[in-house]
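Undergrad: Below is a structure I'd like to ask you about.
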Amino acid sequence: MKITDITVQARNPDRVNVSVDGKYRFSLDILQVTELSLKIGREYSEEELVQLEDESQFGKLYAQALNYTLMRPHSAREIRDYLWRKTRVAKYKARDGQVKERQGVSQANADRVFGRLVDRGYINDEAFATYWRDNRQLAKGISSRKLIAELRSKGVEQSIIDTVMQNSPRGEKDEIQKVLAKKRHKYDDEKKLITYLMRQGFSYDVIREALNDDD
């Protein structure tokens with residue numbers, strides 16, 4: 001079987017369509033064409049073409065995962081979960097209105113994509129945890145207890161959380177003052193305000209000190 005055509009996709013100039021014996025067989029990232037030494041006129045066995053189809057799947061998945069990681073920093077667990085979802089069978093509505101199923105990617109390719117993202121520095125839990133800390137503190141006041149719980153839920157290791165929290169430029173006093181500036185006018189009853197602040201993860205001592213400073 002012979003590669004008879006390699007054409008750039010109209011909708012995605014970063015990918016090409018590969019035809020075998022005059023018929024479309026699979027698509028590849030442009031860089032993959034060079035990496036795999038693909039050329040028009042080169043002959044392949046069916047086994048080799050199946051391997052190239054697997055490379056096609058890997059290239060598509062890597063591009064999708066890279067786009068996901070570049071939207072905002074993600075923890076390693078979030079990216080693993082994203083890739084895991086890609087291995088599941090997905091239902092979709094075809095043009096004829098019929099609900100059909102699309103097979104997921106192989107677990108081997110999901111693992112391979114994760115490894116490449118790690119190697120290229122796109123997965124870094126310390127960088128993610130720092131981003132998450134700064135973003136949450138910038139958006140609104142947040143207690144250390146609540147912030148730590150959020151990072152744990154993202155799968156960040158405790159040692160990384162400890163390092164990131166120790167290096168935080170803001171402390172509990174800074175954060176509770178930000179919360180008070182936004183929420184205090186909503187509470188006529190100080191006891192209810194204290195209860196709210198405690199639910200946000202602030203300790204009673206920090207709350208009491210902040211309220212006394214405002215008096």
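Undergrad: Roughly what would the spin-label model give for ASP213 and GLN9, points 7 Å off Cα along C-beta, in nm?
TA: 5.5
Undergrad: For the chain, set up a Gaussian network in which alpha carbons nearer than 10 Å are linked by springs, and say which option among GLY171, GLY121, GLY141 fluctuates the most.
TA: GLY121
Undergrad: Here is a further query. Pick out which of TYR68, TYR92, TYR122 has the largest mean-square fluctuation in a Gaussian network model of the chain, springs linking Cα atoms closer than 10 Å.
TA: TYR92
Undergrad: Pick the calculated percent of Cα pairs over 29 Å apart for this structure from [x] 50; [y] 22; [z] 28?
TA: Read-out from the structure maps to [x].
Undergrad: Order of VAL164, VAL118, VAL206 from fewest to most other C-beta atoms within 10 Å? Provide the component values of the computation, followed by the final result.
TA: Values: VAL164 23, VAL118 13, VAL206 19.
Least to most surrounded, the residues fall as VAL118, VAL206, VAL164.
Undergrad: So how long is each side of the range 125-214 along the principal axes, counting just the alpha-carbon atoms, biggest first, in Å?
TA: 42, 20, 20
Undergrad: Based on DSSP H runs of at least 4 residues, each adding -39500 (n - 2.57), what is the mean residue ellipticity at 222 nm of the chain after dividing by all its residues, to the nearest 500 deg cm²/dmol?
TA: Details: 10 runs with 123 residues, N = 215.
It comes out at -18000 deg cm²/dmol, rounded to the nearest 500.
Undergrad: Sticking with this structure for a sec: Please name which of VAL20, ILE161, GLY141 has its Cα lying farthest along the dipole of the chain towards the positive end, using unit charges on Cβ (Lys, Arg +1; Asp, Glu -1) and the Cα centre as origin.
TA: The Cα lying farthest towards the positive end belongs to GLY141.
Undergrad: Cα centroids of the range 17-80 and the range 184-199: how far apart, whole angstrom?
TA: That distance is 56 Å.
Undergrad: What residue among ASP96, ASP205, ASP111 has the largest mean-square fluctuation in a Gaussian network model of the chain, using Cα springs under 10 Å?
TA: Answer for the Gaussian network model of the chain: ASP96.
Undergrad: Express in nm, to one decimal, how much length is gained between GLN177 and ASP189 on full extension, taking 0.36 nm for each residue of separation and deducting their alpha carbon distance.
TA: Values: separation 12, 0.36 × 12 = 4.32 nm, distance 1.78 nm.
Extra length available between GLN177 and ASP189 comes to 2.5 nm.
Undergrad: On C-alpha positions alone, give me the angle between the axis of helix 190-199 and the longest principal axis of the chain, in degrees, nearest 10.
TA: 30
Undergrad: Mind putting a number on the dipole of the chain about its Cα centre? Charges go on the C-beta only, +1 for Lys and Arg and -1 for Asp and Glu, and I need it in Debye to the nearest 20. It would help to have the intermediate numbers written out before the result.
TA: Numbers: 40 positive and 35 negative charges, 187 e Å.
Around 900 debye, computed over the chain.
Undergrad: Quick check on the exposure proxy: order HIS185, HIS74 from fewest to most C-beta atoms within 10 angstrom. Walk me through the numbers before you get to the answer.
TA: Working: HIS185 8, HIS74 23.
Sorted ascending by nearby Cβ count, the order is HIS185, HIS74.
Bear in mind these aren't lab numbers, they're just calculated from the coordinates by the rules spelled out. The structure displayed is predicted, hence computed values, not measured ones. Note that we place each Cβ from the backbone using ideal geometry, even for glycine, and neighbour counts take in every protein chain shown.
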